Amino acid sequence: ALRSRSGRSIINGNWAIDRPGRYEGGGTMFTYRRPNEISSTAGESFLADGPTNEVLDVYMIHQQPNPGIHYEYIIPGDNVISPQLLAHRRPGEPLNGQLGMPESTSHEDEDLRRETDILTGQSAGTFSVIQPGRFPSHQPENQVPAMQPPRQNREHNWKQVGKTECTTSCGKGSQYPIFHCVNRITHEEVPEGYCDSSTKPIPEEEACNLFPCPAFWDIGEWSECSKTCGLGMQHRQILCRQIYANRTLTVQQYRCQHLEKPDTTSTCQLKICSEWQIRTEWTSCSVPCGVGQRTRDVKCVSNLGDIVDDEECNMKLRPNDIENCDMGPCAKSWFLTEWSDRCSAECGDGIRTRSVVCMTNHVSSLPLEGCGNNRPSETTPCNNGPCAGKVEWFAGGWTQCSTECGTGTQQREVICVRKTEGNFDVLNPYECSYLEKPPSQQSCYLKPCGSKWFHTEWSTCSKSCEGGFRVREVRCLSDDMAASTQCDPQLKPEEKEPCNTQDCVPEIDENCKDKYYNCNVVVQARLCVYTYYKTACCASCTRVANRQPGFLGRR
C-alpha cells in the first residue's frame with residue numbers, strides 16, 4: 001500500500017484493494033501493476049516518473065514469509081543519462097563506467113531502510129532491502145521494469161480536488177474522484193490543456209453512504225372479497241423491507257416499529273345481495289306495424305337466488321321492463337318521389353311533377369286496407385313569369401321535359417295573336433276559335449330513370465309533447481316499381497325525425513276536483529286505487545298518478 005505522511009491513502013488504502021491502474025500522489029503519477037497470481041510469480045509494483053514533492057510511505061502485509069522489496073530511484077545529477085542507455089541497463093551495471101550515484105545516496109538509503117523497518121515492524125534482516133549498488137548479478141523474476149527518465153520542467157500535474165455526489169442518500173451508493181490540472185508548486189487550478197491528458201488518473205468507483213436506508217412497510221395488493229355480495233373480508237400482505245446496495249431485503253418487523261403498521265384485513269362489499277336480474281329477453285313488439293310495446297321480465301332476487309319483493313332492491317336502479325317499439329307505418333301507403341326541379345313551361349303557367357305509387361309496406365296476416373281514394377297529386381302548378389305573345393295561333397317551343405328520366409310532360413304556349421308592323425298583339429282566344437288550336441301539352445320520355453327513392457307520408461307523432469318522433473318508410477324502386485338496391489345512399493330521404501318537442505302543458509279537467517278537504521290522507525293511505533276515492537279525490541289522485549307512473553295499477 002502507498003500512503004502520504006498526511007494520512008491520505010494513494011493505493012490500497014482503508015483495507016481495500018484497488019485495481020491495477022494509474023493513481024496520483026506525492027506530486028506525480030504512480031502506475032500500479034498486479035500480475036495474475038495464478039499465471040505469474042512476479043510481485044506487485046509501483047512505478048512513477050517523479051519527482052515527488054512529499055515523503056511517501058510504503059506498507060506491506062503478508063501471510064507467508066516476507067518476499068522482500070526491490071526498489072530503485074533517480075535523483076538529479078550533473079551528468080545527463082541517456083534514456084536509451086537507462087532502458088537497456090541491467091541493475092547494478094555502472095553508467096559510463098560508474099554507478100553514477102552521488103554521495104548522498106547512502107544517507108538517503110539508510111533513511112529509507114529505517115522508515116521501512118518502522119512501518120513493517122521487522123528488522124532489516126527479515127525485511128530484505130536491496131540497496132542501489134548492491135543488486136544481485138541476475139535480475140529477479142518480479143523486478144520492476146526499468147524506469148523512463150523524468151520529464152524535465154513539468155510544472156503542472158493532476159490533483160484530486162473532490163468527489164462526485166453520491167448516487168444514493170443511503171443504502172450504499174457510489175461516487176468517483178474528480179481530478180483537476182494544478183500548478184505543481186502553487187497548487188492553483190489551471191486549464192486541463194496544461195496537463196498531459198494521457199497521465200490523467202482514471203476515476204475509480206468508491207462506495208459511499210454505506211449506512212442502511214430506513215425500513216418501510218411494503219404493502220401488497222388486496223385479495224378478492226370473500227363474498228360476491230353483501231359484507232365480506234379481504235386480506236393483503238404487509239412486509240417490513242429495507243433497501244441496501246440497490247437490493248430490497250425483507251427484515252424483521254421490529255425495524256419498522258417507528259411506523260404505523262397498515263391494516264392487513266378489511267371489510268368489503270362488491271354489491272348488495274338482493275339485486276335486480278333481467279330474467280328474459282325482450283318480447284316481440286305488441287303490434288305488427290305502427291308503434292307498440294315490448295316487455296321483459298325483471299325480478300328482485302336475493303343472494304340465495306329467491307325472488308323477493310321489489311322493495312328489497314333499490315328502485316332507482318330497476319331496469320326498464322317495458323318500452324315502446326316502432327314497427328313502421330301500417331297497411332298500404334302512398335309512396336311519393338320528390339317534386340321535379342324543372343317547371344314544364346319556360347314562361348307562364350306550367351307544372352312540376354312527381355311519381356305516386358300505392359304499395360304495401362308490411363307482410364302481415366292482418367287484413368290490409370287499400371291506399372284509398374285520396375291519391376296525392378302528381379302535378380303542382382308553377383310559373384316562371386309571363387311570356388310574349390304573337391298574332392294568330394302561335395305555338396311556342398316545347399319546354400324541357402318535366403322529368404329528367406321516365407315519362408313526363410312538355411308544355412308550350414299557344415296564343416291567339418295579331419301581327420302588326422314590327423309587333424304582335426295578343427287577342428282573346430275566341431278570336432282564333434275557328435282555327436285548329438295546336439296542342440299545348442304532350443308526353444315526353446328522355447331516358448329510363450333507373451332506381452329512385454320513394455317514401456310514404458309521415459306518420460303521426462309518437463308523443464304530443466316533450467319530444468316524440470314520427471316515421472315514414474323509404475324504398476328504392478326501379479322503373480318497373482320493383483325493389484332495387486341501385487339508389488344513391490347519400491340521397492336517401494330521412495326515415496325518422498323528431499316532432500312535438502315543446503313542453504307538455506297539463507290539461508285541466510273542470511270536472512276533476514277534490515270533494516273533501518282531507519284528500520291528502522286518501523293519497524297517503526293509497527286508497528286512490530278504489531273507484532270511490534278516485535272519484536271523490538279526483539284532483540289529488542290524478543296528481544299522484546302523474547308523478548308515479550304505474551302507481552294506480554299496483555293493486
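The values are calculated or read from the model by the stated rules, or taken from the named source; none is laboratory data. Values in this document were obtained by computation on a predicted structure and should not be read as measured data. Glycine also receives a Cβ, built like all others from the backbone with ideal geometry; neighbour counts cover every protein chain displayed. Remember, those area values only see protein heavy atoms, side chains included, never the ligands or the DNA or RNA. Shrake-Rupley method; radii C 1.70, N 1.55, O 1.52, S 1.80 Å.
Taking only segment 230-249 into account, find how many residues are at pLDDT below 85 and on the phi < 0 side of the Ramachandran plot.
Applying the first criterion (at pLDDT below 85) to segment 230-249 yields 230-231, 243-249.
Those left that are additionally on the phi < 0 side of the Ramachandran plot: 231, 243-244, 247-249.
Matching residues across segment 230-249 total 6.
Of everything in segment 286-317, what is in a loop (DSSP other than H, G, I, E, B) and at pLDDT 90 or above? Give them in sequence order.
Taking segment 286-317 as the starting set, the residues that turn out to be in a loop (DSSP other than H, G, I, E, B) are 286-290, 296-297, 302-306, 309, 313-314.
ARG296, ASP297 - these are the residues of segment 286-317 that are in a loop (DSSP other than H, G, I, E, B) and at pLDDT 90 or above.
Identify, please: which residue in segment 160-193 is touching a residue at least 12 places away in the same chain (Cβ under 8 Å) and over 51 Å from the mean Cα position of the chain (by Cα) and is, among those, surrounded by the fewest Cβ atoms within 10 Å (Cβ to Cβ)?
Going through the qualifying residues, I end up with ILE185.
Any idea how many residues of segment 264-281 are free of Cβ contacts under 8 Å to residues at least 24 places away in the same chain and either touching a strand residue (DSSP E or B) at 6+ places or on another chain (Cβ under 9 Å) or surrounded by 13 or more Cβ atoms within 10 Å (Cβ to Cβ) (or both)?
Step one: of segment 264-281, the residues free of Cβ contacts under 8 Å to residues at least 24 places away in the same chain are 279-281.
Next, from what is left, pick out any that are either touching a strand residue (DSSP E or B) at 6+ places or on another chain (Cβ under 9 Å) or surrounded by 13 or more Cβ atoms within 10 Å (Cβ to Cβ) (or both): 279-280.
Looking only at that region, the number is 2.
Which of the residues belonging to segment 247-293 are of a type in the set (Ser, Thr, Tyr), over 30 Å from GLY173 (Cα atoms) and out of contact with any Leu (no Cβ under 9 Å at 6 or more places or on another chain)? Even if it seems obvious, please write down each step before you answer.
Let us first name the residues in segment 247-293 that are of a type in the set (Ser, Thr, Tyr), namely 248, 250, 254, 264-267, 274, 280, 283-284, 286.
Next cut, over 30 Å from GLY173 (Cα atoms) only: 264-267, 274, 280, 283-284, 286.
Listed by number, the residues that qualify are THR264, THR265, SER266, SER274, THR280, THR283, SER284, SER286.
Residues of segment 268-285 being in a strand (DSSP E or B) and not hydrophobic (A, V, I, L, M, F, W, C), which ones? Talk me through it step by step, then tell me what you get.
Step one: filter segment 268-285 for residues in a strand (DSSP E or B), giving 268, 275-278.
Of everything in segment 268-285, those that are in a strand (DSSP E or B) and not hydrophobic (A, V, I, L, M, F, W, C) turn out to be GLU275, GLN277.
Please note which strands (runs of 3 or more DSSP E) are completely contained in segment 439-514 and include at least 3 residues that are open to solvent by 60 Å² or more (accessible area, probe 1.4 Å). Give the derivation first.
Numbers: elements: 441-445, 452-455, 468-471, 474-477, 496-499.
Once the strands (runs of 3 or more DSSP E) in segment 439-514 are filtered for at least 3 residues that are open to solvent by 60 Å² or more (accessible area, probe 1.4 Å), what remains is 441-445.
Tell me, please, whether a residue that is under 30 Å from PRO20 (Cβ atoms), open to solvent by 80 Å² or more (accessible area, probe 1.4 Å) and either within 35 Å of the chain's Cα centre (by Cα) or without any contact (Cβ under 8 Å) to a residue 24 or more places away in the chain (or both) can be found in segment 194-202.
Looking only at segment 194-202, we keep the residues that are under 30 Å from PRO20 (Cβ atoms), and these are 194-202.
Of the ones still in play, those that are also open to solvent by 80 Å² or more (accessible area, probe 1.4 Å) are 194, 197, 202.
Narrowing further to those that are either within 35 Å of the chain's Cα centre (by Cα) or without any contact (Cβ under 8 Å) to a residue 24 or more places away in the chain (or both): 197.
Scanning segment 194-202 turns up at least one residue that is under 30 Å from PRO20 (Cβ atoms), open to solvent by 80 Å² or more (accessible area, probe 1.4 Å) and either within 35 Å of the chain's Cα centre (by Cα) or without any contact (Cβ under 8 Å) to a residue 24 or more places away in the chain (or both).
Every residue in segment 415-438 that is at pLDDT 75 or above and in a loop (DSSP other than H, G, I, E, B), please.
LEU427, ASN428, SER433, TYR434, LEU435, GLU436, LYS437, PRO438
Considering only residues that are in contact (Cβ under 8 Å) with a residue 24 or more places away in the chain and over 14 Å from THR280 (Cα atoms), look in segment 305-322 and name the one that is most open to solvent (accessible area, probe 1.4 Å).
LEU317
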